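J.: The structure that follows is given in the form of structure tokens.
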Amino acid sequence: MTPRPHGAHLPEERTESTAPLSPPELTEAECRRCGTYIAGLDGRYACGVCGWVNDHSEGHRRLPRADEDPDRPPKGRRRPKQLPWPPVEPAPGS
């Protein structure tokens, strides 16, 4: 994980907005570590070759809040119960 640069500002107070977010913009750049040509959304990049990731604050616009996510499950819905891992094997001879 990339450490926060010194002097980085904390996020400002967010005002409630009812306006829908515009779709993300596809952006392209070179990886700062290995030079591979990479693409990202709104200036946020992750290199699949060397694993470099830029800080989320370097993006071109703010990230959406959880309540602005159209795929967010409805309130009150719980996550499904996880199955035990590894799967339980039947005892020999049963």
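J.: Applying a 10 Å radius around every beta-carbon, put 57-65, 76-84, 20-28 in order of their mean neighbour count, most first.
T.: Those peptides, ordered most packed to least, come out 57-65, 20-28, 76-84.
J.: Now, a different point. Ordering TRP52, TRP85 from largest to smallest accessible area (1.4 angstrom probe), what's the sequence?
T.: Highest to lowest solvent-accessible surface, that is TRP85, TRP52.
The values are calculated or read from the model by the stated rules, or taken from the named source; none is laboratory data. As the structure is a computational prediction, the values presented were derived from the model and not from experiment. A quick note on method: Cβ atoms are made from the backbone with ideal geometry, for glycine too, and the neighbour counts reach across all protein chains shown. Accessible surface areas use protein heavy atoms only, side chains included; no ligands, DNA or RNA. Shrake-Rupley method; radii C 1.70, N 1.55, O 1.52, S 1.80 Å.
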